[in-house]
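Heads up: the structure comes next, in C-alpha cells.
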Amino acid sequence: MAVYISEAHAMDEWPLGNFVCLNQHKTMEERLDAANTFKTKYDFKIPLLVDTMENTLDNKYACWPERFFIIQKGILQLVGEPTTEFGYNRSLIAEWLYRDWNARNAALPNSTN
C-alpha cells in the first residue's frame, strides 16, 4: 500500500517549476481529490491511503517528501533512506522484495499434481 501525504512542492509553499500544480491541501476533501487525481493520472494500482490533515503518518515516520517502508506482519523490515540529493535507489527496495518473495516461495512444498 501507499499513503498520500501533504504536497512536497505545493505551488503556494515551495513550488518546483510547473511539475506539481497544486496548492497545499486545506481540507481533507482537497487531499482526497488530489490523491484520486494522482491515482487516475498515473494509473496507480497499489492501494492508496491518505494521511490525516494533522499529518499523523508524516509526523510519526518523517515521510516528507517521500519515504519507503516495508512492513511485514506489523514489523518494520526496511526503511528506504534517500541515497542521493534527488531521491532513492529504488532497486534496493526491489531487491529486498525479490529476495523475500523467493525465500517465501522456496519454503512452499512442491506440488506433484
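Things to note:
- Each of Cys63, Cys21 was scored by other Cβ atoms within 10 Å of its Cβ. Listed from fewest to most, they are Cys21, Cys63.
- Put in line by how crowded their Cβ is, counting other Cβ atoms within 10 Å and starting with the fewest, Tyr98, Tyr88 read Tyr98, Tyr88.
- Backbone amide hydrogens, once placed in the peptide plane, bring Leu48 within less than 5 Å of Ala2, excluding anything fewer than 5 places away on its chain.
- With neighbours defined as other Cβ atoms within 10 Å of a residue's Cβ, the residues Lys73, Lys39 order from fewest to most as Lys73, Lys39.
Read-outs throughout are calculated quantities, based only on the coordinates presented, and are distinct from any laboratory measurement. None of these values were measured; they are calculated from a predicted model. Neighbour counts are summed over all protein chains in view; Cβ atoms, including those assigned to glycine, are modelled from backbone coordinates with ideal geometry.
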